[in-house]
Amino acid sequence: SALLAPMLMFLEVYMDMLLPKQMTQMVDVAILSGNIEMIVKVGLMMLLFAFLGLVGGVLSGVFTNYTGYKFANDLRKDLFKKIMNLSVIDAAELETGSLITRVTNDITQIQHFVSMALRMFIRALSLFVLGIIFTININSIFAIVIAVALPIEILIMILFMKKVFPHFGKIQKQLDDVNIIVHENVGGVRVVKAFSREEYEEARFTSANETYANTLLTINKYSAILMPVLTLI
């Protein structure tokens, strides 16, 4: 499934790339000449390409999700087994809340990364390579446009990474803090109530949660700006 997903995604992109050429044939040759037979022939060819692209896209999604879930399932089992074999000292040093984050959120993030790599990365790479080939094939003058636009987009991506990457390290620590506080309060709820520490614990949790949320918002703001800028270029 890990091999089939990118292959089918490439099929979808390739079919998408073939459609504009067929549309050119339809408009510039078939319609202008009034050749009904050619219109039908090209139209059926476009339907075939669209159908093959649809099949490739749907099956690529199925195999991508299957691979991601199975990978996460195996990794979560291995990690849980590893945690169960940790020494008491190591377990105490790593903290329960942090270990919970590793088994849950971190593996989910890795699962999403695997799915994105198999689907979106392959799609973007295929569009990038095939797009350049098909564009230059139409008219070599378009190579100048690509030569100007591409370095600008690469520079924007580098600046984006420099801004965003430091926040990912903060997120891990902040999510650990949220999970540790929740774990402590659930485990020690009677002690908290006995000493009337509800307000203090609520304030402590709110502070950790808001810090985590603000960091995520910062990352999402940068991400929200990135795609429109690249699309505009």
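The values are calculated or read from the model by the stated rules, or taken from the named source; none is laboratory data. Everything numeric here is computed off the predicted structure, so don't read it as measured data. Here the Cβ is made from the backbone with ideal geometry for all residues, glycine too, and neighbour counts use every protein chain on show. Remember, those area values only see protein heavy atoms, side chains included, never the ligands or the DNA or RNA. Shrake-Rupley method; radii C 1.70, N 1.55, O 1.52, S 1.80 Å.
Okay, here's what the table says:
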| quantity | calculated |
| --- | --- |
| Scope the range 116-125; condition closer than 11 Å to Ser60 by Cβ and surrounded by 15 or more Cβ atoms within 10 Å (Cβ to Cβ); matching residues | Leu118, Arg119, Ile122, Arg123 |
| Near pairs, Cβ below 6 angstrom, 6+ apart or cross-chain, from the range 167-179 (exposed (fewer than 15 other Cβ atoms within 10 Å of the Cβ)) to any residue that is β-branched (Val, Ile, Thr) and not in a helix (DSSP H, G or I) | none |
| Residue count, the range 52-88 (criterion: in a helix (DSSP H, G or I) and either in contact with an Asp or Glu (Cβ under 6 Å, 6 or more places away or on another chain) or more than 19 Å from Met120 (Cα to Cα) (or both)) | 16 |
| Test: residue in the range 158-165 that is assigned to a helix (DSSP H, G or I), of a type in the set (Val, Ile, Thr) and farther than 30 Å from Val62 by Cβ | yes |
| Unique residue being in contact with a helix residue (DSSP H, G or I) (Cβ under 8 Å, 6 or more places away or on another chain) and not acidic (Asp, Glu) when the list is Ile158, Ile136, Ile154, Ile225 | Ile136 |
| Residue within the range 23-41 that is more than 23 Å from Gly131 (Cα to Cα), of a type in the set (D, E, K, R), surrounded by 12 or more Cβ atoms within 10 Å (Cβ to Cβ) and in contact (Cβ under 8 Å) with a residue 40 or more places away in the chain present | no |
| Qualifying positions in the range 1-39 - among the hydroxyl-bearing types (Ser, Thr, Tyr) and either touching an Asp or Glu at 6+ places or on another chain (Cβ under 9 Å) or more than 30 Å from Gly68 (Cβ to Cβ) (or both) | Thr24, Ser33 |
| Single condition Glu95 does not satisfy, out of (1) free of Cβ contacts under 8 Å to residues at least 24 places away in the same chain; (2) surrounded by 15 or more Cβ atoms within 10 Å (Cβ to Cβ) | (1) |
| Pairs, first in a helix (DSSP H, G or I) in the range 218-233, second open to solvent by 80 Å² or more (accessible area, probe 1.4 Å), C-beta under 6 Å, six or more apart | Tyr222/Lys163 |
| Residues that are more than 16 Å from Val129 (Cα to Cα) and open to solvent by less than 50 Å² (accessible area, probe 1.4 Å), drawn from the range 9-22 | Leu19, Gln22 |
| Verdict on Glu184 being open to solvent by 40 Å² or more (accessible area, probe 1.4 Å), free of Cβ contacts under 8 Å to residues at least 60 places away in the same chain and of a type outside the set (Lys, Arg) | no |
| Answer from Ser126, Ser196, Ser115, Ser140 - the residue that is in contact with an Asp or Glu (Cβ under 9 Å, 6 or more places away or on another chain) and among the small types (Gly, Ala, Ser) | Ser126 |
| Ile100 within 25 Å of Asn220 (Cβ to Cβ), aliphatic (A, V, I, L, M), over 15 Å from the mean Cα position of the chain (by Cα) and surrounded by 13 or more Cβ atoms within 10 Å (Cβ to Cβ) | yes |
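One line per residue, one yes/no per condition, for (1) among the hydrophobic types (A, V, I, L, M, F, W, C); (2) surrounded by fewer than 16 Cβ atoms within 10 Å (Cβ to Cβ); (3) closer than 20 Å to Ile158 by Cα:
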{"site": "Val189", "(1), (2), (3)": "yes, yes, no"}
{"site": "Arg197", "(1), (2), (3)": "no, yes, no"}
{"site": "Glu202", "(1), (2), (3)": "no, yes, no"}
{"site": "Thr206", "(1), (2), (3)": "no, yes, no"}
{"site": "Ile219", "(1), (2), (3)": "yes, no, yes"}
